[in-house]
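Everything on this sheet refers to the single structure shown next.
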4 protein chains.
Amino acid sequence: MPTIDLNCDMGESFGAYTIGADVEVMRSISSANVACGYHGGDPAVMRRTVRLAREAGVSVGAHPGFPDLVGFGRREMRVTPQEVEDMVLYQVGALAAIAAAEGVRLRHVKAHGALYNMAARDRALADGIARAVRAFDPSLMLFVLPASELQRAGEAAGLHVALEGFADRAYEPDGSLTPRSRSGAVIHDPAEVVARAVRMAKGGGVTATDGSHVALRVHTICTHGDTPGAHELTRLLRAGLERDGMGVAPAGSAAP
Amino acid sequence: MPTIDLNCDMGESFGAYTIGADVEVMRSISSANVACGYHGGDPAVMRRTVRLAREAGVSVGAHPGFPDLVGFGRREMRVTPQEVEDMVLYQVGALAAIAAAEGVRLRHVKAHGALYNMAARDRALADGIARAVRAFDPSLMLFVLPASELQRAGEAAGLHVALEGFADRAYEPDGSLTPRSRSGAVIHDPAEVVARAVRMAKGGGVTATDGSHVALRVHTICTHGDTPGAHELTRLLRAGLERDGMGVAPAGSAAP
Amino acid sequence: MPTIDLNCDMGESFGAYTIGADVEVMRSISSANVACGYHGGDPAVMRRTVRLAREAGVSVGAHPGFPDLVGFGRREMRVTPQEVEDMVLYQVGALAAIAAAEGVRLRHVKAHGALYNMAARDRALADGIARAVRAFDPSLMLFVLPASELQRAGEAAGLHVALEGFADRAYEPDGSLTPRSRSGAVIHDPAEVVARAVRMAKGGGVTATDGSHVALRVHTICTHGDTPGAHELTRLLRAGLERDGMGVAPAGSAAP
Amino acid sequence: MPTIDLNCDMGESFGAYTIGADVEVMRSISSANVACGYHGGDPAVMRRTVRLAREAGVSVGAHPGFPDLVGFGRREMRVTPQEVEDMVLYQVGALAAIAAAEGVRLRHVKAHGALYNMAARDRALADGIARAVRAFDPSLMLFVLPASELQRAGEAAGLHVALEGFADRAYEPDGSLTPRSRSGAVIHDPAEVVARAVRMAKGGGVTATDGSHVALRVHTICTHGDTPGAHELTRLLRAGLERDGMGVAPAGSAAP
């Protein structure tokens, strides 16, 4: 059975603050991107999230972001590649220690928010991320936007990259995501999201905003956990994929 | 040649802020307790400090503290043992990742400031630290105040503990440190500090504030790097120890 | 018509994190204690909360806390009276500026969490709070636990103090709150909470855990906004008070 | 006697960290830009700095920056105008409260680091700053780079603006500062810095990097306090200005 990975940002709660429906979402995904205390998450939340993932049989990865808690890591910051490399190492190491204490080994790294977006278009920052991942553990898989600078940086560093697709986002004819500022950028109809995911997972690509076809190879599909009804959508996604003969399993674990 | 360890808190600078004379002090010590970003330090400082230590042949340990940058980790916080365990794991893991990227493996853990002081007298918090260290790497040495709850916790957890002495601090007849609030608590005369260090290192104990003798076995002697003239004192300490036939080497590394 | 104040902690959300049901609770209370960015709240949340209060005709006060976001200001920190004075001034001034930009003047100050608890029993810290409030605006009302050191400090500083009662908390025979760690410390039955509030508001005191009567004069009753169903309870509280002939109005505003 | 203002960033120390030579520099300047806890400074430092300024007869202003302590407010962050407005209000209000407790009233606002630079070229962000200043106290003077968007925003908001010159920075023919990345951007020769300051203060403009003359009207000259020897340079600057018949006094205080 062919498989596809379903990943979701997890463990972004902080102290007394809860965000996302981690318990419910964890039942449907195969990879959890666990926040590491910079844009969200704290040591207690990290441990709790790793435990949840372990119990659900979900693969755990690090989800490092900018040191901007009040901005949730969504505001671009003019950082140097060296700053990025160091902050990624710091966060990945912190999570890895907590995960190891729970008997869990990290399997992937996915940059968060503005760091992900900046690394998609800035090769030097992307190289900083890739260097950090390779230095920490070259067997970690790096989640990347297809055709981004981060994909190039990851491959140049000899890392396994997992190409990521977004079932609830519109695509431009050139394969980039339609900016959120534009109307129609986010697809809200669950049935359509599921249909797009299935097609994407099967290698069928996506239809762009102008109706043209975009070829798109993806290893993992991103779902969002912090919107109302998110975990219901994630449940539908998984059910839809399985109904169509796709297994849901961590990226890189596919059998021949 | 018998050896003694000289340890010092290092890497407590932060961003644009410099504290301590790390470059100079690093030449005289054998163990660097590297701050991990909670009470001081940041990823860039951590990397720089690890590199300095490596180049100087100094053993690197983690120096986790409370998440209280403005208080420099010196203010006691009412935390739970689980919070302590998680925050120590987080910080040790973060530093270990950066150290590994510099080809350095951590050798010890020393809690900072208020965390060290609270763990000296509160067994539950001490156990939290010990659990974190054991979970991360049971071969890490734990630096402890002799006869403290942290010593007991470390030993109960099966960790190697290094007993720590303070050459520039006065001792009470019961072997505890004279509180800093009392006059004479800190010894400022370099010659006296060196003499006390040598005696301590050789197993001769210390003379308490009432003139009585306190037996005191120590594996490592703490020096301070953030006071004026600190690195000169550290240099004198090392010279004094060596003049008296003591080698200066990381705790636990003593040859037969 | 006699009146009583109903106060609630508001504006404790932070960045992407939402806590409490401020919109709903604001409809039922007369005084909002607005977090100031240390234990919760951020400049955007502060402005939004002040605006909500203004639109609901609710009196606005500052709710300063410890600089411990991950602990939500609930962990005691060993701070000096001077540190407390400065951190209260900082937070009150920050909120006052944002409130003034919204055409609102602060009316009271209520310390948050561990700061409130420590100031209730430590006169020196309580004096620090009182000095800050007096220095900023001596007409601000200080919310205090009756018979606490904070009441004494406020009165000694010549401040107007508003005595605070807790309708959903059990009391000891000596008038202190039953510690949360003890079973029965929090009263969950809405009808009982309302009944206690009405009696308290009318000057009838409370029945202690041992059945004895505790005389208790209160000017303001605290309700909680961050528990499930909290806003429904607050609505019931107000309805119950009004049904019993009590008006709900900010402390200090009552006409004879 | 004609006067010119000498301003310097002050109070950027934080907790245990000291930066700058505030005590010495305060003797030579007429306006202190006091950090407000976001990029540097904390409530205790703020109070100490205001007190120093008061004792030296130096005018006090707020120096708000980005919430990026580890980056010292020097990294650009993609913030919205509303975020800027709120963070400026928060910081100015916090400092004003502490200053008032020391009997000092704020006289000006100067944005820090990346916020200053971004507001110089982005009118929407500049308007956010201007709105915050006007809302807090329309009599506050706003320090601006001449011909910047911030000057325009300040004037459009009806604020008093003080045009700022940099005696130790090279200028381009169009009146902009030579970017620090270019060699020669910073002038290190004290005698030249003093000569440029005197000429600037007298309305004589500056000579640009290509030798051309740039007309430049300035009300205040910025000096830097955090470089080695900075306070000696500041002392020379003041002495040079006075020797040439210029008084040193806060912007806007010129006598008839």
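What are the residues in segment D:102-115 that are surrounded by fewer than 24 Cβ atoms within 10 Å (Cβ to Cβ), touching a Gly at 6+ places or on another chain (Cβ under 9 Å) and without any contact (Cβ under 8 Å) to a residue 60 or more places away in the chain, if any?
D:L106, D:A114
Go through segment B:181-193 residue by residue and tally those that are in a loop (DSSP other than H, G, I, E, B) and not hydroxyl-bearing (S, T, Y). Before you say what the answer is, go through the steps one by one.
Residues of segment B:181-193 in a loop (DSSP other than H, G, I, E, B): B:181-185, B:187-189.
Right, trim to not hydroxyl-bearing (S, T, Y) and you get B:182, B:184-185, B:187-189.
Going through segment B:181-193 one residue at a time, the tally reaches 6.
Could you please find all residues in segment B:211-243 being aliphatic (A, V, I, L, M) and closer than 20 Å to B:M141 by Cβ? Break it down into steps so the answer makes sense when it comes.
So the first thing to find is which residues in segment B:211-243 are aliphatic (A, V, I, L, M), and the list is B:214-216, B:218, B:221, B:230, B:233, B:236-237, B:239, B:241.
Passing the criteria: B:L216, B:V218, B:I221, B:L241.
If you go through segment A:194-214 one residue at a time, do you hit one that is part of a loop (DSSP other than H, G, I, E, B), within 20 Å of the chain's Cα centre (by Cα) and in contact (Cβ under 8 Å) with a residue 60 or more places away in the chain?
Residues of segment A:194-214 part of a loop (DSSP other than H, G, I, E, B): A:202-205, A:208-212.
Filter once more, keeping what is within 20 Å of the chain's Cα centre (by Cα): A:202-203, A:205.
Then drop every residue that is not in contact (Cβ under 8 Å) with a residue 60 or more places away in the chain, which leaves A:202.
Yes, segment A:194-214 contains at least one residue that is part of a loop (DSSP other than H, G, I, E, B), within 20 Å of the chain's Cα centre (by Cα) and in contact (Cβ under 8 Å) with a residue 60 or more places away in the chain.
If you check B:M118 against the conditions, is it more than 12 Å from chain A (Cβ to nearest Cβ) and either outside any strand (DSSP E or B) or acidic (D, E) (or both)? Can you show your working first?
Details: more than 12 Å from chain A (Cβ to nearest Cβ): yes; either outside any strand (DSSP E or B) or acidic (D, E) (or both): yes.
It is true that B:M118 is more than 12 Å from chain A (Cβ to nearest Cβ) and either outside any strand (DSSP E or B) or acidic (D, E) (or both).
Can you work out which of the residues in segment C:1-15 that are more than 14 Å from chain A (Cβ to nearest Cβ) and part of a loop (DSSP other than H, G, I, E, B) is least open to solvent (accessible area, probe 1.4 Å)? Working first, answer last.
Narrowing segment C:1-15 to residues more than 14 Å from chain A (Cβ to nearest Cβ): C:1-8, C:10.
Imposing the further condition that a residue be part of a loop (DSSP other than H, G, I, E, B) reduces the set to C:1-2.
Working: C:M1: 161, C:P2: 78 Å².
In this case the residue turns out to be C:P2.
Of all residues in segment A:145-169, count the ones that are in contact with a Leu (Cβ under 6 Å, 6 or more places away or on another chain) and under 15 Å from A:R131 (Cβ atoms).
Residues meeting the conditions: 3.
Which count do you get for residues in segment C:126-176 that are open to solvent by 40 Å² or more (accessible area, probe 1.4 Å), at pLDDT below 95 and within 25 Å of C:A249 (Cβ to Cβ)?
Residues in segment C:126-176 being open to solvent by 40 Å² or more (accessible area, probe 1.4 Å), at pLDDT below 95 and within 25 Å of C:A249 (Cβ to Cβ): 1 in total.
From C:A195, C:A185, grab the single residue that is aliphatic (A, V, I, L, M) and open to solvent by less than 20 Å² (accessible area, probe 1.4 Å).
It is C:A185.
Within the set of pairs 6 or more residues apart or between chains, which connect a residue that is polar (S, T, N, Q) inside segment D:153-182 to a residue that is in a loop (DSSP other than H, G, I, E, B) with Cβ atoms less than 6 Å apart?
D:T178/D:A170; D:T178/D:E172; D:T178/D:A185; D:T178/D:T209
Among the residues of segment D:48-70, how many are open to solvent by less than 20 Å² (accessible area, probe 1.4 Å) and of a type outside the set (G, A, S)? Let's see the steps before the verdict.
Restricting attention to segment D:48-70, the residues satisfying the condition of being open to solvent by less than 20 Å² (accessible area, probe 1.4 Å) are D:49-50, D:53, D:58-66, D:68.
Right, trim to of a type outside the set (G, A, S) and you get D:49-50, D:58, D:60, D:63-64, D:66, D:68.
Final tally of qualifying residues: 8.
Test of understanding: among B:Q82, B:Q91, which residue is within 14 Å of another protein chain (Cβ to nearest Cβ), surrounded by fewer than 21 Cβ atoms within 10 Å (Cβ to Cβ) and assigned to a helix (DSSP H, G or I)? Spell out the reasoning first.
Details: B:Q91 fails: surrounded by fewer than 21 Cβ atoms within 10 Å (Cβ to Cβ).
Residue meeting the stated conditions: B:Q82.
Which one of these does B:L233 not meet: (1) within 14 Å of B:L163 (Cα to Cα); (2) at pLDDT below 95?
(1)
Would you check if D:A147 is more than 10 Å from every other protein chain (Cβ to nearest Cβ) and within 18 Å of the chain's Cα centre (by Cα)? Spell out how you get there, then give the answer.
Details: more than 10 Å from every other protein chain (Cβ to nearest Cβ): yes; within 18 Å of the chain's Cα centre (by Cα): yes.
Against the criterion (more than 10 Å from every other protein chain (Cβ to nearest Cβ) and within 18 Å of the chain's Cα centre (by Cα)), D:A147 qualifies.
Return the only residue of D:R243, D:R238 being charged (D, E, K, R), open to solvent by 50 Å² or more (accessible area, probe 1.4 Å) and free of Cβ contacts under 8 Å to residues at least 12 places away in the same chain.
On the way: D:R238 fails: free of Cβ contacts under 8 Å to residues at least 12 places away in the same chain.
After ruling out the rest, the residue left standing is D:R243.
Within segment C:218-230, is there a residue that is β-branched (V, I, T), free of Cβ contacts under 8 Å to residues at least 40 places away in the same chain and surrounded by 16 or more Cβ atoms within 10 Å (Cβ to Cβ)? Step through it out loud before you land on a result.
Narrowing segment C:218-230 to residues β-branched (V, I, T): C:218, C:220-221, C:223, C:227.
Of the ones still in play, those that are also free of Cβ contacts under 8 Å to residues at least 40 places away in the same chain are C:227.
Then keep just the ones that are surrounded by 16 or more Cβ atoms within 10 Å (Cβ to Cβ); that gives none.
Scanning segment C:218-230, I find no residue that is β-branched (V, I, T), free of Cβ contacts under 8 Å to residues at least 40 places away in the same chain and surrounded by 16 or more Cβ atoms within 10 Å (Cβ to Cβ), so the answer is no.
Under 9 Å by Cβ, and 6 or more places apart or on different chains, what pairs join a residue from segment C:41-54 that is farther than 14 Å from C:I29 by Cα and within 12 Å of chain D (Cβ to nearest Cβ) with one that is aromatic (F, W, Y) and open to solvent by less than 40 Å² (accessible area, probe 1.4 Å)?
Taking only residues 6 or more apart or on different chains, the pairs are C:G41/C:F14; C:D42/C:F14; C:D42/D:Y90; C:P43/D:Y90; C:V45/C:F14; C:M46/D:Y90.
How many residues, within segment C:16-37, are within 14 Å of chain D (Cβ to nearest Cβ), surrounded by 22 or more Cβ atoms within 10 Å (Cβ to Cβ) and assigned to a loop (DSSP other than H, G, I, E, B)? Let's see the steps before the verdict.
Going through segment C:16-37, the residues within 14 Å of chain D (Cβ to nearest Cβ) turn out to be C:16, C:34-37.
After this cut, where a residue has to be surrounded by 22 or more Cβ atoms within 10 Å (Cβ to Cβ) as well, the list is C:34-37.
Restricting the remaining residues to those that are assigned to a loop (DSSP other than H, G, I, E, B) gives C:36-37.
Matching residues across segment C:16-37 total 2.
Evaluate the following for C:A130: is it part of a helix (DSSP H, G or I), touching a strand residue (DSSP E or B) at 6+ places or on another chain (Cβ under 9 Å) and closer than 23 Å to C:H39 by Cα? Before the answer, list the steps.
On the way: part of a helix (DSSP H, G or I): yes; touching a strand residue (DSSP E or B) at 6+ places or on another chain (Cβ under 9 Å): yes; closer than 23 Å to C:H39 by Cα: yes.
Yes: the conditions hold for C:A130.
The values are calculated or read from the model by the stated rules, or taken from the named source; none is laboratory data. Remember, predicted model here, so these are calculated numbers, not experimental data. Positions of Cβ are backbone-derived with ideal geometry, glycine not excepted, and every protein chain shown enters the neighbour counts. Heads up: the accessible areas ignore ligands, DNA and RNA and are worked out on the full protein's heavy atoms, side chains in. Shrake-Rupley method; radii C 1.70, N 1.55, O 1.52, S 1.80 Å.
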